[in-house]
1. Can you send over the solvent-accessible area of Trp235, 1.4 Å probe, protein chains only, in Å² to the nearest 10?
2. Return a whole-number percent for the relative contact order of segment 357-441, with Cα pairs under 8 Å and 6 or more residues apart as the contact set.
3. Longer than 27 Å from Cα to Cα, which of Lys452/Lys518; Lys246/Lys391; Lys386/Lys518; Lys353/Lys391; Lys52/Lys246; Lys52/Lys391 are they? Say none if no pair is.
4. Output wanted: per-residue J couplings in Hz (rounded whole) for segment 261-266, from phi through Karplus 6.51 cos²θ - 1.76 cosθ + 1.60, θ = phi - 60°, x for Gly and Pro.
5. With a 1.4 Å probe and every protein chain left in place, tell me how much accessible area Asp435 has, in Å² to the nearest 10.
6. How large is ³J(HN,Hα), in whole Hz, for each residue of segment 370-387 in order, when computed from phi with the Karplus curve 6.51 cos²θ - 1.76 cosθ + 1.60 and θ = phi - 60°, using x for Gly and Pro?
Amino acid sequence: MEVDIFKEIIVPVIGGLGIFMLGLEFMANGIQALSVTKMREWLAKTAGTPAKGVLAGTLITGVIQSSTAMTVMTVGLVNAGVIALRPAISVIMGANIGTTLGNGLIALPLGPLGLLFGGIFGLVYCFGKGDRVRNIALACLGFALIFYGLNLMTSGLKPLKDMPEIMAVISGLDASTFAGVVSCALIAALITAMIHSSSATIGIVMGLGASGVLPWETAIAFAIGADLGTTITSWMASLNLTRNAKRAAYAHIAFNFIGVAVVLLLFFPALELLKYAMTFFGGDPGVPVMVDGKQTFPLVPLAVGLFSIAFNIFNVIILYPFIGTFERVLSRIGHTDADDIEDFSIPRYLDRKLIDDFVAAVPAVEQETRRQVQAAAMFLDIARDKPGMPKDPGEHYAATDLLGRDIRTYSAALFREDMPRDHLDLVASLIEEVDFTGSLSETLHQIARRVKREEFGEASRGFITEALDRLDQSLTPLLFPADMPEARMPAGHSRVEPIEKLRWRILERDRHVPAGEKGALLALLGSIERAEVIITRIADERASVDRAGILARARRGESRAPQSERRTDDHGELVPAL
């Protein structure tokens, strides 16, 4: 009987693959919409040690069912400075285990029911009210479509057994020799790299194995290669990120390559062990079962899923003791002098253990905020092309922005329902200062970017130097309060002329400054004026609340509830607290 290639093979295989991958997408989107933010926060809090990292990576990936998404999330958290490289490596290890749990579920013989449940949950999604109900329905719809798509692929691949030309090609993919195993693994890695989904590759392999097109041993070899191909996505996600984020992606690549290499060496003993384990799950996966007069191999998907789980757990067990070695080696990759520049995206003083200790937490916030001002002041040295400064103003601004967010979040966590009014006022003042400091950082970033972007002559450079020195002097009181006598400005810079005089010098006296440069200089002066206004506002905010007095009373167990410590003049402007 002649096979209708288009109707019996192309349509169900391509349609089934599309439905399968759409199911993966729906399931991931539904689950992530329900809880990905909480999971990201939980990951940031729990992944402090390698053991906790493995557990967190396994649990979260087991829920969202995407090791790629989990790895990309981890790379992003490393890039943001939320977690360090060492726990990130362990999270990635756990992610490999978590995604195999889904492979085990895919292996369940639920294909015929996939369309039924897909229809039910599709109706719930269309007519359900509320985002939560719709997201749950979307996740369940995706789960059902995975099985239906796999069932379609399996039915479409069965006719290939009756096509000598196809079987002649596939027969070359023989896992009876070590070279054949390696070839199968590399082909699977290439397929996974192209479709960016190891689960999809595993699904295709399960379909080929269940239809009898691939021997079960060859299907196992393909499953090994899927872990290699999935590393390409994390590598691509890290291309434009920090070096530490790149190192986290390299950890994912190294972990999978080493694990695959070890398992390839142990492939044939592992097959014998799997064959023995399958006696507890239904018998030999190579024994066919007749369905509608055709041979099928329903235990092959189960064998592939079981092997995938055991394979990844084994990799974690053998490589977990070497997490420290991974970190040391990866830390040297791409190391330059720029790595020695302080990373301002990572808080230095915000200790979560101090959140419940108001007296200790407030000084920590103040120290971190002064550090944020210090990071902002570095834009002036970036504009001067001072050695040892960050090369990219945009990257440094992103770091200061992340620091500001962390300080604001930490400060907000100090609020308590029964907090005295003066304590509430102090915390509010801290948050407002952080907001003003963020605005200062943004303005100084604009100044540095403008200086580096525009072409200026020697005369204009002189004006720029004066303007930057002016800002230096304005920043000194913020960086070094009265109890910190260090001076940022060198001797001889204690006075600067009013900015209006500098403006008129640019306009009238120095006529040899080109008109185009005058326009750029005037725009620069406008940014400097805004920066000075913000600097004054930060100083006023610090003085508007008697922070030292409030902390002193808090240490003694006292508080002043009747009146706020914040004082204003007749015009509503803040004035120093008495």
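The values are calculated or read from the model by the stated rules, or taken from the named source; none is laboratory data. Treat the numbers as computed from the prediction; the structure is a model and nothing was measured. Side chains included, ligands, DNA and RNA excluded: accessible areas come from the protein's heavy atoms. Shrake-Rupley method; radii C 1.70, N 1.55, O 1.52, S 1.80 Å.
1. Around 100 Å² of this residue is reachable by solvent.
2. 42
3. Long pairs (Cα-Cα over 27 Å): Lys353/Lys391; Lys52/Lys391.
4. So the J values, rounded to whole Hz, are 4, 5, 5, 4, 5, 9.
5. 90
6. Working through the residues one at a time gives 5, 5, 5, 5, 4, 4, 5, 5, 5, 4, 5, 6, 5, 5, 7, 6, 6, x Hz.
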